[in-house]
Amino acid sequence: MPAARGLRGERGLLSSCRGCLCTAPAWVGRPPVPSLRLSRWQPPHGALPRRHPAVASLSPPVDFVLGAAACCMACVFTNPLEVVKTRLQLQGELRARGSYPRHYRGVLQAMVAVRRADGLRGLQKGLAAGLLYQGLMNGVRFGFYSHAEDIGLTQQPGGTLAAGAVAGALGAFVASPAYLVSLLVVVGGGHQDLSGPFGLSQPPGFPQASVVRPADPGFLPLPKTLLLCLFASQWFKEGSWMVALAGGMVSSVAVAVAMTPFDVVSTRLYNQPVDETGMGKHYRGFFDCVVRVSGKEGVLALYKGFGPAYLRLGPHTVLSLLFWDELRRITSWWQATR
């Protein structure tokens, strides 16, 4: 009886968040079969099932590639919001409110304005560089975090937070040059002279910008996201994709509020013109940018682009984790059946 109650308890917990990415093993709900091995399992009639018993541990290089591919796939759907966000963040730079014409007045109006000025392709400006950026940054993040899980770091007190923080910082640093290219394409060339390392001129405050630039700030690997999915499952049908989306949208509120000011500052640092010595003409660094933007444009200017940033975060996070989960399952199945 105690074993039966334990099995029912586990089944109830896992099935309650089945709509999110912590998929229950296939044997939940019935006694496990000791002789079942992933390497011996074959899909019925040669078809790849939606779920299979387990996901084998993948090597860090494989997880790097899969994480990069998953986030690139998500980027294709969310890049238009990135374009709109960047345009809003640079509008009226260092000018008092009301002293400049506002070409963009919100997410929908900005998308319409970009569509009229640049066509539908304008909403996907910077996509190539954006894919490179997403691939580098998230490949490093997912790969490092997966390796941290494999070596047991996330099981230690504070290990999840430490692994997520280090993974995010490494990913942002490695992918920073690609983000600079993406931003300059979005704004139509910007002020930068593309010369120097990686074909880029290093913008003033470059190391600071690469660290504070949140991009997809939430490397929210599972605890908070799954907890929100558990709550969301009370309002949506079990197994619905709406559970994961609702959890992602709720968590994105806190992420957008906390990280949008850093995103605005990094965008300004990347885009500012430089003199002949390579020094910035507008800002000397991160803190100087915060002070000047707040003084000239008001404190709320640090939240320019909040709308598209929030609307992008939830779907992008959910799509990235969904694609990553499915790609890992397919890869694990392929390795087991070779």
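Results for (1) of a type in the set (A, V, I, L, M, F, W, C); (2) touching a residue at least 60 places away in the same chain (Cβ under 8 Å), shown as yes or no for each residue.
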residue: ASP63; (1), (2): no, yes
residue: LEU66; (1), (2): yes, yes
residue: GLU82; (1), (2): no, yes
residue: ARG87; (1), (2): no, yes
residue: GLU93; (1), (2): no, yes
residue: PRO101; (1), (2): no, no
residue: GLN109; (1), (2): no, no
residue: ALA113; (1), (2): yes, no
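Taking the stated definitions as given, is LEU81 farther than 22 Å from THR317 by Cβ, in contact with a helix residue (DSSP H, G or I) (Cβ under 7 Å, 6 or more places away or on another chain), open to solvent by less than 40 Å² (accessible area, probe 1.4 Å) and hydrophobic (A, V, I, L, M, F, W, C)?
Spelling it out, it is not the case that LEU81 is farther than 22 Å from THR317 by Cβ, in contact with a helix residue (DSSP H, G or I) (Cβ under 7 Å, 6 or more places away or on another chain), open to solvent by less than 40 Å² (accessible area, probe 1.4 Å) and hydrophobic (A, V, I, L, M, F, W, C).
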Revision key, fill the gap. Cβ pairs under 6 Å, 6+ apart or interchain, first in the stretch 315-326 and more than 10 Å from GLY248 (Cβ to Cβ) and among the hydrophobic types (A, V, I, L, M, F, W, C), second buried (at least 23 other Cβ atoms within 10 Å of the Cβ) and at pLDDT below 85, ordered by first then second residue, are TRP324/GLY67
Practice item. Check the stretch 62-73 and report whether any residue there is over 15 Å from the mean Cα position of the chain (by Cα), modelled with pLDDT under 90 and open to solvent by 30 Å² or more (accessible area, probe 1.4 Å). Key: yes
Practice item. Kindly indicate the residue of the stretch 135-161 that is open to solvent by less than 50 Å² (accessible area, probe 1.4 Å) and hydrophobic (A, V, I, L, M, F, W, C) and also nearest to ALA70 (Cα to Cα) among those meeting that condition. Key: PHE142
Practice item. Sort through ALA110, ALA96 and tell me the only one that's over 15 Å from the mean Cα position of the chain (by Cα) and within 12 Å of GLY305 (Cβ to Cβ). Key: ALA110
Review point. Name the pairs: first residue in the stretch 290-310 and under 17 Å from GLN272 (Cα atoms), second residue open to solvent by 20 Å² or more (accessible area, probe 1.4 Å), Cβ to Cβ under 6 Å, at least 6 apart or on different chains?
Key: LYS296/LEU94; LEU302/PRO261; LYS304/LEU88
Point to revise | Output for the stretch 121-134, where each listed residue is open to solvent by less than 10 Å² (accessible area, probe 1.4 Å) and closer than 17 Å to THR317 by Cβ | key: GLY130, GLN134
Check your understanding: Is it the case that ARG115 is among the basic types (Lys, Arg) and either open to solvent by less than 60 Å² (accessible area, probe 1.4 Å) or over 29 Å from ASP288 (Cβ atoms) (or both)?
Key -> yes
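Kindly state which helices (runs of 4 or more DSSP H) lie completely within the stretch 219-330 and contain at least 3 residues that are closer than 28 Å to GLY158 by Cβ, at pLDDT 75 or above and open to solvent by 30 Å² or more (accessible area, probe 1.4 Å).
Hits in the stretch 219-330: 241-271.
The values are calculated or read from the model by the stated rules, or taken from the named source; none is laboratory data. For clarity, every value in this text was computed on a predicted model and none was experimentally measured. In this analysis, Cβ positions are derived from the backbone assuming ideal geometry, glycine residues included, and neighbour counts consider all displayed protein chains. We work out accessible area using only protein heavy atoms, side chains counted, and drop any ligands, DNA or RNA first. Shrake-Rupley method; radii C 1.70, N 1.55, O 1.52, S 1.80 Å.
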